[in-house]
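Structure first, commentary second.
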Ligand SMILES: [Zn+2]
């Protein structure tokens, strides 16, 4: 992976980032996602590889979470921003990536969904927090109060309370509060940032070169459970 670090350091254009993702996806050489063939021809004009057996034309992001995205540079930068211990609001990220607020919001939300699915669901020491504890940092929480699940033994658990306090501070400090609908994703993000020093850049990036495309309606339709795993 040594040369990938050098490439990432120097990357400027979308083409530079495409080369990195291709090297990362096919680190052991090309494998056709459709038929498993190892040989492919490059179609230079279209930045694609054509499988020598089934003729499927694939790119580094074909059939992955990043399927069809343009501006690979912005995407890679947005993904890697989750490895910084400090979070950034959508407004700040939009400025850094030079994209519109709406585009940036979708990007960040999609990245959060992938991370929630891929990384932190396997956590060993998850702490369950009822949404009522996080009410101060959640929009629309009071309207749905009757739906909250009570956790009777929670107040005696000092560790969970500390954890909730940090999370509330993060949600209010960075985002000025978040929608309850996405609160679980932000809780994942908070946990990830605290533990990001343990993660290796390219293994992290590789999480986005699997899976499948996330549709806008899935992002908008996402709902957090009534208990937040922090
Ligand atoms: Zn093939």
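The values are calculated or read from the model by the stated rules, or taken from the named source; none is laboratory data. Note that this is a predicted model, so its numbers are computed, not measured. No Cβ is skipped: glycine too gets one built from the backbone with ideal geometry, and neighbour counts run over all protein chains shown.
Looking only at segment 211-227, how many residues end up being part of a loop (DSSP other than H, G, I, E, B), surrounded by 12 or more Cβ atoms within 10 Å (Cβ to Cβ) and in contact with a helix residue (DSSP H, G or I) (Cβ under 8 Å, 6 or more places away or on another chain)?
The total comes to 5.
From 3, 28, grab the single residue that is on the phi < 0 side of the Ramachandran plot and either surrounded by 14 or more Cβ atoms within 10 Å (Cβ to Cβ) or free of Cβ contacts under 8 Å to residues at least 12 places away in the same chain (or both).
Of the residues listed, the single one that is on the phi < 0 side of the Ramachandran plot and either surrounded by 14 or more Cβ atoms within 10 Å (Cβ to Cβ) or free of Cβ contacts under 8 Å to residues at least 12 places away in the same chain (or both) is 28.
Which of the residues spanning segment 10-21 are outside any loop (DSSP other than H, G, I, E, B) and either exposed (fewer than 15 other Cβ atoms within 10 Å of the Cβ) or within 16 Å of the ligand (Cβ to nearest atom) (or both)?
10, 15
Would you check if residue 170 is in contact with a strand residue (DSSP E or B) (Cβ under 6 Å, 6 or more places away or on another chain), in a helix (DSSP H, G or I) and at pLDDT 90 or above?
The answer is no for residue 170.
Can we say residue 42 is touching a residue at least 40 places away in the same chain (Cβ under 8 Å) and not assigned by TED's automatic domain parsing to the domain that holds residue 207?
The answer is no for residue 42.
For segment 24-64, give me each residue that is assigned to a loop (DSSP other than H, G, I, E, B), touching a strand residue (DSSP E or B) at 6+ places or on another chain (Cβ under 6 Å) and more than 10 Å from the ligand (Cβ to nearest atom).
Within segment 24-64, 59 is the sole residue that qualifies.
Kindly indicate whether residue 73 is within 16 Å of the ligand (Cβ to nearest atom) and in contact (Cβ under 8 Å) with a residue 40 or more places away in the chain.
Against the criterion (within 16 Å of the ligand (Cβ to nearest atom) and in contact (Cβ under 8 Å) with a residue 40 or more places away in the chain), residue 73 does not qualify.
Just give me the residues in segment 65-84 being more than 13 Å from the chain's Cα centre (by Cα), in a loop (DSSP other than H, G, I, E, B) and surrounded by 15 or more Cβ atoms within 10 Å (Cβ to Cβ), in sequence order.
69, 71
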